[in-house]
Amino acid sequence: MKTIKTIIREEILGFKEGVGDAYAEKRFGISNRGQEFGNQWNRELLTQHRNSENGKLVGMVYGSSAGSNNSRGSNIYMNPQTLKNFEPEVRAITDVQGNLYVAQLDADLIHASILNMIKSDIDFQYMPWIRAGQSNTFKSSMGGMMTRENQHKSFQSLREKQPYVFNW
(Lines give C-alpha, C1' and ligand atoms only; values in the text may rest on other atoms or scores of the structure.)
Protein backbone atom coordinates (compact mmCIF):
# COMPACT_ATOMS: atom_id res chain seq x y z
CA MET A 1 0.00 0.00 0.00
CA LYS A 2 1.30 3.45 -0.98
CA THR A 3 1.92 6.00 1.67
CA ILE A 4 0.44 9.46 1.40
CA LYS A 5 3.96 10.82 0.93
CA THR A 6 4.53 8.54 -2.08
CA ILE A 7 1.20 9.51 -3.64
CA ILE A 8 1.94 13.21 -3.25
CA ARG A 9 5.43 12.80 -4.73
CA GLU A 10 4.00 10.93 -7.75
CA GLU A 11 1.38 13.63 -8.24
CA ILE A 12 3.97 16.40 -8.05
CA LEU A 13 6.30 14.64 -10.50
CA GLY A 14 3.43 14.03 -12.91
CA PHE A 15 2.18 17.62 -12.70
CA LYS A 16 2.37 19.51 -15.99
CA GLU A 17 3.97 22.84 -15.37
CA GLY A 18 2.04 25.78 -16.73
CA VAL A 19 -1.48 24.37 -16.38
CA GLY A 20 -2.18 26.54 -13.34
CA ASP A 21 -0.58 29.55 -15.03
CA ALA A 22 -2.82 29.14 -18.07
CA TYR A 23 -5.89 28.84 -15.85
CA ALA A 24 -4.94 31.90 -13.77
CA GLU A 25 -4.31 33.94 -16.91
CA LYS A 26 -7.65 32.96 -18.43
CA ARG A 27 -9.76 33.16 -15.26
CA PHE A 28 -8.19 36.07 -13.41
CA GLY A 29 -6.22 37.96 -16.08
CA ILE A 30 -2.88 37.19 -14.43
CA SER A 31 -0.26 37.21 -17.16
CA ASN A 32 2.03 34.27 -17.67
CA ARG A 33 5.47 35.89 -17.64
CA GLY A 34 7.15 32.63 -18.52
CA GLN A 35 5.03 32.37 -21.66
CA GLU A 36 5.76 35.99 -22.57
CA PHE A 37 9.46 35.29 -22.21
CA GLY A 38 9.10 32.13 -24.33
CA ASN A 39 7.27 34.02 -27.06
CA GLN A 40 9.85 36.80 -27.03
CA TRP A 41 12.67 34.25 -27.16
CA ASN A 42 11.04 32.46 -30.13
CA ARG A 43 10.61 35.78 -31.99
CA GLU A 44 14.27 36.61 -31.36
CA LEU A 45 15.41 33.20 -32.66
CA LEU A 46 13.25 33.63 -35.77
CA THR A 47 14.70 37.10 -36.36
CA GLN A 48 18.26 35.81 -35.96
CA HIS A 49 17.55 32.96 -38.38
CA ARG A 50 16.03 35.34 -40.93
CA ASN A 51 18.99 37.69 -40.54
CA SER A 52 21.48 34.87 -41.10
CA GLU A 53 19.56 33.82 -44.24
CA ASN A 54 19.52 37.39 -45.55
CA GLY A 55 23.26 37.81 -45.13
CA LYS A 56 25.07 40.68 -43.47
CA LEU A 57 23.05 43.89 -43.25
CA VAL A 58 25.32 46.61 -44.64
CA GLY A 59 22.93 49.57 -44.73
CA MET A 60 19.76 51.12 -46.08
CA VAL A 61 19.09 53.16 -49.19
CA TYR A 62 16.08 55.06 -50.50
CA GLY A 63 14.55 55.23 -53.98
CA SER A 64 16.33 57.60 -56.31
CA SER A 65 15.01 56.87 -59.79
CA ALA A 66 14.29 59.89 -61.95
CA GLY A 67 10.91 61.30 -60.99
CA SER A 68 10.52 58.94 -58.03
CA ASN A 69 8.50 60.18 -55.09
CA ASN A 70 9.04 56.91 -53.25
CA SER A 71 10.30 57.36 -49.72
CA ARG A 72 10.31 53.63 -49.02
CA GLY A 73 13.79 52.51 -48.14
CA SER A 74 15.38 49.13 -48.60
CA ASN A 75 17.90 47.21 -46.54
CA ILE A 76 21.01 46.16 -48.42
CA TYR A 77 22.41 42.74 -47.57
CA MET A 78 25.77 41.26 -48.49
CA ASN A 79 25.93 37.63 -49.65
CA PRO A 80 22.42 36.40 -48.74
CA GLN A 81 22.06 32.62 -48.38
CA THR A 82 18.56 32.69 -49.85
CA LEU A 83 16.35 35.22 -51.63
CA LYS A 84 13.06 34.11 -50.05
CA ASN A 85 12.83 37.32 -47.97
CA PHE A 86 13.56 39.55 -51.00
CA GLU A 87 11.12 41.07 -53.47
CA PRO A 88 11.18 40.19 -57.19
CA GLU A 89 13.19 42.35 -59.62
CA VAL A 90 15.45 43.83 -56.91
CA ARG A 91 18.73 45.50 -57.81
CA ALA A 92 22.11 44.08 -56.87
CA ILE A 93 25.78 44.75 -57.51
CA THR A 94 28.87 42.58 -57.20
CA ASP A 95 32.45 43.56 -56.51
CA VAL A 96 35.68 42.07 -57.84
CA GLN A 97 35.87 39.65 -54.87
CA GLY A 98 32.49 38.13 -55.82
CA ASN A 99 30.51 39.69 -52.97
CA LEU A 100 26.86 40.21 -53.83
CA TYR A 101 25.04 43.26 -52.42
CA VAL A 102 21.26 42.91 -52.80
CA ALA A 103 18.45 45.37 -52.06
CA GLN A 104 15.68 43.61 -50.14
CA LEU A 105 12.88 45.71 -51.64
CA ASP A 106 12.22 47.01 -55.12
CA ALA A 107 11.93 50.61 -53.91
CA ASP A 108 12.65 52.52 -57.15
CA LEU A 109 16.33 51.96 -56.50
CA ILE A 110 19.06 52.44 -59.02
CA HIS A 111 22.37 50.64 -58.77
CA ALA A 112 24.18 53.88 -57.93
CA SER A 113 22.21 54.08 -54.67
CA ILE A 114 23.66 50.76 -53.54
CA LEU A 115 27.10 51.64 -54.85
CA ASN A 116 27.21 54.97 -53.02
CA MET A 117 26.26 53.26 -49.78
CA ILE A 118 28.91 50.52 -49.88
CA LYS A 119 31.90 51.89 -51.75
CA SER A 120 34.91 52.61 -49.64
CA ASP A 121 37.02 54.36 -52.24
CA ILE A 122 36.76 56.08 -55.60
CA ASP A 123 38.18 53.06 -57.47
CA PHE A 124 35.43 50.64 -56.40
CA GLN A 125 34.68 48.39 -59.37
CA TYR A 126 31.28 46.73 -59.69
CA MET A 127 28.88 44.87 -61.95
CA PRO A 128 25.14 45.65 -61.77
CA TRP A 129 22.45 42.93 -61.67
CA ILE A 130 18.66 42.62 -61.50
CA ARG A 131 16.90 39.63 -59.97
CA ALA A 132 14.77 37.85 -62.57
CA GLY A 133 11.29 37.77 -61.03
CA GLN A 134 11.16 35.57 -57.94
CA SER A 135 13.80 33.19 -59.23
CA ASN A 136 17.34 32.54 -58.03
CA THR A 137 18.66 34.05 -61.23
CA PHE A 138 20.23 37.46 -61.71
CA LYS A 139 20.45 39.02 -65.15
CA SER A 140 23.11 41.50 -66.10
CA SER A 141 22.09 45.13 -66.07
CA MET A 142 23.48 47.83 -68.29
CA GLY A 143 26.48 49.74 -67.07
CA GLY A 144 28.93 48.92 -64.39
CA MET A 145 32.50 49.94 -63.94
CA MET A 146 34.89 47.04 -64.04
CA THR A 147 37.86 46.26 -66.21
CA ARG A 148 37.52 43.26 -68.53
CA GLU A 149 40.08 41.33 -66.49
CA ASN A 150 38.23 42.05 -63.24
CA GLN A 151 34.90 41.13 -64.86
CA HIS A 152 36.22 37.63 -65.47
CA LYS A 153 37.65 37.40 -61.92
CA SER A 154 34.39 38.65 -60.43
CA PHE A 155 32.26 36.29 -62.49
CA GLN A 156 34.44 33.31 -61.53
CA SER A 157 34.24 34.30 -57.84
CA LEU A 158 30.46 34.66 -58.14
CA ARG A 159 30.11 31.14 -59.48
CA GLU A 160 32.20 29.74 -56.63
CA LYS A 161 30.83 31.89 -53.82
CA GLN A 162 27.14 32.44 -54.60
CA PRO A 163 24.32 29.85 -54.86
CA TYR A 164 22.59 31.82 -57.62
CA VAL A 165 22.63 31.80 -61.40
CA PHE A 166 24.16 34.83 -63.10
CA ASN A 167 23.30 35.43 -66.76
CA TRP A 168 26.08 37.64 -67.97
Single residue of region 73-87 satisfying the filter (surrounded by fewer than 16 Cβ atoms within 10 Å (Cβ to Cβ) and either out of contact with any Leu (no Cβ under 6 Å at 6 or more places or on another chain) or of a type in the set (S, T, N, Q) (or both)) that is nearest to Lys161 (Cα to Cα): Gln81
Sole exception among (1) at pLDDT below 90; (2) surrounded by 15 or more Cβ atoms within 10 Å (Cβ to Cβ) for Val90, by number: (1)
Selection count, region 141-156, where residues are of a type in the set (S, T, N, Q) and within 19 Å of Ile76 (Cβ to Cβ): 2
Complete set of residues in region 77-100 that are aliphatic (A, V, I, L, M) and within 16 Å of Met146 (Cβ to Cβ): Ala92, Ile93, Val96, Leu100
Residue in region 43-62 that is in a helix (DSSP H, G or I), of a type in the set (Asp, Glu), modelled with pLDDT of 70 or more and out of contact with any Leu (no Cβ under 6 Å at 6 or more places or on another chain) present: yes
Some residue of region 107-115 being at pLDDT below 90, under 19 Å from the mean Cα position of the chain (by Cα) and over 16 Å from Met145 (Cβ atoms): yes
Tabulated pairs, region 120-149, first under 16 Å from Ile93 (Cβ atoms), second exposed (fewer than 11 other Cβ atoms within 10 Å of the Cβ) and at pLDDT below 75, C-beta under 6 angstrom, 6+ apart or interchain: none
Given (1) in a helix (DSSP H, G or I); (2) out of contact with any strand residue (DSSP E or B) (no Cβ under 6 Å at 6 or more places or on another chain); (3) closer than 21 Å to Asn116 by Cα, index of the condition Met142 fails: (1)
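The values are calculated or read from the model by the stated rules, or taken from the named source; none is laboratory data. Worth saying up front: this structure is predicted, and the values here are computed from it rather than measured. Counting neighbours? That spans all protein chains shown, and the Cβs are built from the backbone with ideal geometry, glycine included.
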